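The values are calculated or read from the model by the stated rules, or taken from the named source; none is laboratory data. All values derive from a computational prediction rather than experimental measurement. Here the Cβ positions follow ideal geometry from the backbone for every residue, glycine too, while neighbour counts run over all protein chains shown. Heads up: the accessible areas ignore ligands, DNA and RNA and are worked out on the full protein's heavy atoms, side chains in. Shrake-Rupley method; radii C 1.70, N 1.55, O 1.52, S 1.80 Å.
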Amino acid sequence: MLILAFDTATDVATSALVDDGEVLGERTSRAVTLLEDVDALLRQAGKHTRDVGALAVGVGPGSFTGVRIGLSTARGLALALGFPVAGVSTLDALAAGAPGAVPVIDARRREVFVPGGVLAPGDVEVERGRTYVGSGAVRYRDLLEAAGADIPPDGDERHVPRARFHAQLARDFRPAEQIEPLYLRVPDADRTRL
């Protein structure tokens, strides 16, 4: 099955076209160019939207705006073209790209998203010698390395939740409106209601 996958939850948006496990194309850019990237992937692979069997979308955690862009794009494409959709955790996709590593996504506000929740970077329980990847690992490199973490160089591709892994992890395809974002905290705009 031909799967179109993308994630816009972090500062680096990723998209991929995967056919029965074979990556036909993959791009990294920004969320604002997602539809251009999708179009380019299809053209480069010689495929059309009618060839796509399903969508896999990153549901976060990450930037609220980024997660919304990805989900709204997935819902729009799915509803217009009749695709089923699977939501994939951005943390899970990041971990799939670096087996054995701990994914750490910058949550801003001096916090990080890690498996299990949101923490201050100093509260991350670091296992000495274990690899930590993601935008949060890069941003808080000094703190995490001082605690014993092994963090790849900043430009290492393991720091990006590659869309090919979203396609690989995609399960439970369903109607687009049933896919929910993975928010681990209240959005900044809603903090006044607390």
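Details
- Selected residue (criterion: most open to solvent (accessible area, probe 1.4 Å)) from residues of segment 1-47 that are farther than 21 Å from Arg108 by Cβ and among the basic types (Lys, Arg): Arg43
- Among the candidates Asp51, Asp106, the residue that is of a type in the set (D, E, K, R) and crowded, with 21+ Cβ neighbours inside 10 Å is uniquely Asp106.
- A single entry from Val124, Val112, Val88 fulfils the requirement of being over 16 Å from the mean Cα position of the chain (by Cα), β-branched (Val, Ile, Thr) and buried (at least 16 other Cβ atoms within 10 Å of the Cβ): Val124.
- Restricting Arg164, Arg185, Arg158 to residues that are among the basic types (Lys, Arg), assigned to a loop (DSSP other than H, G, I, E, B) and either modelled with pLDDT of 95 or more or open to solvent by less than 80 Å² (accessible area, probe 1.4 Å) (or both) narrows the list to Arg185.
- The single residue among Asp19, Asp7, Asp39 that is at pLDDT 95 or above, more than 14 Å from Arg164 (Cα to Cα) and among the acidic types (Asp, Glu) turns out to be Asp39.
- Residue within segment 60-83 that is open to solvent by 30 Å² or more (accessible area, probe 1.4 Å), basic (Lys, Arg) and within 19 Å of Gln178 (Cα to Cα) present: yes
- Single unsatisfied condition, Leu94 versus (1) under 21 Å from Glu177 (Cβ atoms); (2) open to solvent by less than 10 Å² (accessible area, probe 1.4 Å); (3) part of a helix (DSSP H, G or I): (1)
Okay, residues lined up against (1) at pLDDT 95 or above; (2) basic (Lys, Arg):
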position: Phe64; (1), (2): no, no
position: Ile69; (1), (2): yes, no
position: Ser89; (1), (2): yes, no
position: Ala93; (1), (2): yes, no
position: Ala98; (1), (2): yes, no
position: Arg108; (1), (2): no, yes
position: Glu111; (1), (2): yes, no
position: Val118; (1), (2): yes, no
